[in-house]
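Notes for the one structure printed next.
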Amino acid sequence: MGSNGYKVVPVANGGIITGKIQFSGKARPPKTFKVEKTPEVCGKEDRLLHEVAIKEGKLQDVVLVLEGVKAGKPYDSHVILGPPPGEREGVPSGIADFPGTDIKPLKCIFGAFTGVIADNSVLRFDNQDPVKHSPHTYEIKGRVRKSLHNQDLEGNGQLELPIKFKKGKIIKLECDQHPHMQNWFYRVDNPYYAFSSEDGTFKIDQIPPGKYKLIAWHPILGEQSHEVSIEANGTVDLALEFSSRKRRG
């Protein structure tokens, strides 16, 4: 059993949630940043931050979190890493506690734009760049932004930042050396989460039968909540949509 009460148990007749996330409205252009520090690593060209990544009307980087699961499959590791535009990796860990989020900056990017984190867990940095970054974390709740950490990460160095939530469910990560390096993390209490891929699809499997709340969250476009009912060996297929016209949350 994990420290928050989540328990790893065999999942017999587990169900699956699949889906695709559409985007409607006017696409937001990427933010442009001039490279003012360490161009020998970050490059001399302007860096683009795609806060809303859309391809053929499909929305990437949405975090899907299934709330209310008290027992089930173990956690995988959670790694975000460069090079641009950033990736995610995960392998089975077999444990009942979230293992922490591993961040491996490379070519002046922390990794994939969105990730997850748990309360009383850690952001664990392993700098693949030979230059210094300065991770600055904030807890976000509504319009309130509270600074949590502001420390240097030396070139090819390592750093561990403990995460303790006070009120919110969102952590933002920025680099004070390179302002285009920005990432967002949503709080999880169990291992049933996923991210929408480049084609907007996502999948959560090995779900114990029952009724749950599925949260779909994007740091710029807001949050949605959907009630789902999982039957034994069943599949729930969802068509979700985020819009530039109205932020949901």
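The values are calculated or read from the model by the stated rules, or taken from the named source; none is laboratory data. Bear in mind that the values here come from a model prediction, so they are computed numbers and not experimental data. All Cβ positions, even for glycine, are placed from backbone atoms using ideal geometry, and neighbour counts span all protein chains on display.
Here are the numbers for this structure:
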{"item": "So LYS169, is it charged (D, E, K, R), modelled with pLDDT of 95 or more, closer than 28 Å to LEU106 by Cα and surrounded by 14 or more Cβ atoms within 10 Å (Cβ to Cβ)", "result": "yes"}
{"item": "Whichever residue in segment 197-214 is within 19 Å of PHE113 (Cα to Cα) and surrounded by fewer than 20 Cβ atoms within 10 Å (Cβ to Cβ) and, among such residues, is nearest to the chain's Cα centre (by Cα)", "result": "SER197"}
{"item": "Single condition GLU51 does not satisfy, out of (1) in contact with a strand residue (DSSP E or B) (Cβ under 8 Å, 6 or more places away or on another chain); (2) farther than 25 Å from LEU238 by Cβ", "result": "(2)"}
{"item": "Residue match in segment 7-16 (condition: in contact with a Phe, Trp or Tyr (Cβ under 7 Å, 6 or more places away or on another chain), of a type in the set (Gly, Ala, Ser), under 30 Å from ILE230 (Cβ atoms) and touching a residue at least 40 places away in the same chain (Cβ under 8 Å))", "result": "no"}
{"item": "Residue match in segment 108-116 (condition: within 23 Å of PRO219 (Cα to Cα), in contact with a Ser or Thr (Cβ under 8 Å, 6 or more places away or on another chain), among the polar types (S, T, N, Q) and buried (at least 22 other Cβ atoms within 10 Å of the Cβ))", "result": "no"}
{"item": "Enumeration of residues in segment 134-166 that are surrounded by 18 or more Cβ atoms within 10 Å (Cβ to Cβ) and either free of Cβ contacts under 8 Å to residues at least 12 places away in the same chain or polar (S, T, N, Q) (or both)", "result": "THR137"}
{"item": "Pairs where the first residue, in segment 72-99, is among the β-branched types (Val, Ile, Thr) and modelled with pLDDT of 95 or more and the second is surrounded by 19 or more Cβ atoms within 10 Å (Cβ to Cβ) and in a strand (DSSP E or B), C-beta under 6 Å, 6+ apart", "result": "VAL79/ASP102; ILE80/ILE103; ILE80/GLY115; ILE95/TYR75"}
{"item": "Only listed residue being buried (at least 21 other Cβ atoms within 10 Å of the Cβ) and over 15 Å from the mean Cα position of the chain (by Cα), chosen from ILE95, ILE16, ILE21", "result": "ILE21"}
{"item": "Top-ranked residue of segment 69-82 - restricted to ones that are assigned to a loop (DSSP other than H, G, I, E, B) and surrounded by 14 or more Cβ atoms within 10 Å (Cβ to Cβ), ranked as nearest to the chain's Cα centre (by Cα)", "result": "SER77"}
{"item": "Verdict on ILE109 being touching a strand residue (DSSP E or B) at 6+ places or on another chain (Cβ under 9 Å) and within 19 Å of VAL188 (Cα to Cα)", "result": "no"}
{"item": "Pick from segment 24-45, criterion touching a strand residue (DSSP E or B) at 6+ places or on another chain (Cβ under 7 Å) and surrounded by 11 or more Cβ atoms within 10 Å (Cβ to Cβ), ranking: nearest to GLN128 (Cα to Cα)", "result": "VAL35"}
{"item": "Cβ pairs under 6 Å, 6+ apart, first in segment 106-125 and basic (Lys, Arg), second modelled with pLDDT of 95 or more", "result": "ARG124/GLY100; ARG124/ASP102; ARG124/GLU160"}
{"item": "Residue among ALA232, ALA194 that alone is surrounded by fewer than 17 Cβ atoms within 10 Å (Cβ to Cβ), in contact (Cβ under 8 Å) with a residue 60 or more places away in the chain and over 30 Å from ASP46 (Cβ atoms)", "result": "ALA232"}
